[in-house]
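The values are calculated or read from the model by the stated rules, or taken from the named source; none is laboratory data. Since this is a predicted model, take the numbers as computed values, not measurements. Glycine also receives a Cβ, built like all others from the backbone with ideal geometry; neighbour counts cover every protein chain displayed.
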């Protein structure tokens, strides 16, 4: 059905094409328009979607960095919101870890650190949102009925350790990591899927990279997270501590919990499990970093 709608609204301008659903770094409602020249990608949402609008606003202010696809057009109909953008080549970053290519993964994590510091977090908050969401850490509701009371209590205790100020805010991707980048052989990145982006403390993105790697690839996490942070700090010497990094990870998990509050029970239970794991896990391996001669 979506494919037919795309042809209806785009064929006159972009010619004959075959929509091919993309996976691996793109959302499930993203299509390659096979047959256009140059190749195009479209992201589709049902009617108005504030996350898509948030993404578009982020892409607009990061166009000159070269790490995001160019936006060509936004088409809004009664049924769909269609973003037409540039097609970018590259390997989905997560597939590199899935294939256990550790040497390439090490270079990828260095590129993640450099790109995050230089091209994303270099966008400083000037107390104007520019249509981009703002961090709501201090107003976040921690009373979802499907989350056990003990996890709510422990989350509140950890989040109280954060002394977040808007003066420290930068543009954050919101779901930054290997799962949302395309990586090329010459160590360049394309960063995809900016729906969750917001003005926030840079530690939200840094913590989420470490969290994702620790959760899904624990055998590589200490080394890869070390390389990522070391490269990041070359370009943005931010102060880190295990307690504060964990606190920002707890904040991010709660953001997801709010997004799944109307999802099926098994999805909610999985994210409750991840919240418990986050509260109990050493995300930032302090002893490993110290063994490398680094103190944070």
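So that you can scan it fast, the table gives a plain yes or no per residue for (1) assigned by TED's automatic domain parsing to the domain that holds residue 175; (2) part of a helix (DSSP H, G or I); (3) closer than 19 Å to residue 176 by Cβ:
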residue: 227; (1), (2), (3): yes, yes, yes
residue: 231; (1), (2), (3): yes, yes, yes
residue: 250; (1), (2), (3): yes, yes, yes
residue: 256; (1), (2), (3): yes, yes, yes
residue: 273; (1), (2), (3): yes, yes, no
residue: 278; (1), (2), (3): yes, yes, yes
residue: 284; (1), (2), (3): yes, no, yes
If residue 194 passes every condition in (1) under 18 Å from residue 244 (Cα atoms); (2) assigned to a loop (DSSP other than H, G, I, E, B) but one, which one does it miss? (1)
Go through the range 227-244 and give me each residue that's modelled with pLDDT of 95 or more and either buried (at least 16 other Cβ atoms within 10 Å of the Cβ) or touching a helix residue (DSSP H, G or I) at 6+ places or on another chain (Cβ under 6 Å) (or both). 227, 228, 229, 231, 232, 233, 235, 236
Tally of residues being farther than 23 Å from residue 119 by Cα, surrounded by 14 or more Cβ atoms within 10 Å (Cβ to Cβ) and in the same structural domain as residue 135 (by TED's automatic domain parsing) across the range 54-99: 2
If residue 263 satisfies every condition in (1) free of Cβ contacts under 8 Å to residues at least 24 places away in the same chain; (2) surrounded by 17 or more Cβ atoms within 10 Å (Cβ to Cβ) but one, which is the exception? (2)
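Would you point out which residue out of 164, 175 is without any contact (Cβ under 8 Å) to a residue 40 or more places away in the chain, under 18 Å from residue 240 (Cα atoms) and buried (at least 16 other Cβ atoms within 10 Å of the Cβ)?
Residue meeting the stated conditions: 164.
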Since residue 138 meets every condition but one in (1) over 20 Å from residue 174 (Cβ atoms); (2) loosely packed, with under 13 Cβ neighbours inside 10 Å; (3) in contact (Cβ under 8 Å) with a residue 24 or more places away in the chain, which condition does it not meet? (1)
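So, in the range 151-176, how many residues would count as being closer than 23 Å to residue 53 by Cβ and part of a loop (DSSP other than H, G, I, E, B)?
Residues that pass the stated criteria total 5.
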Does residue 118 qualify as being outside the structural domain of residue 180 (by TED's automatic domain parsing) and under 20 Å from the mean Cα position of the chain (by Cα)? no
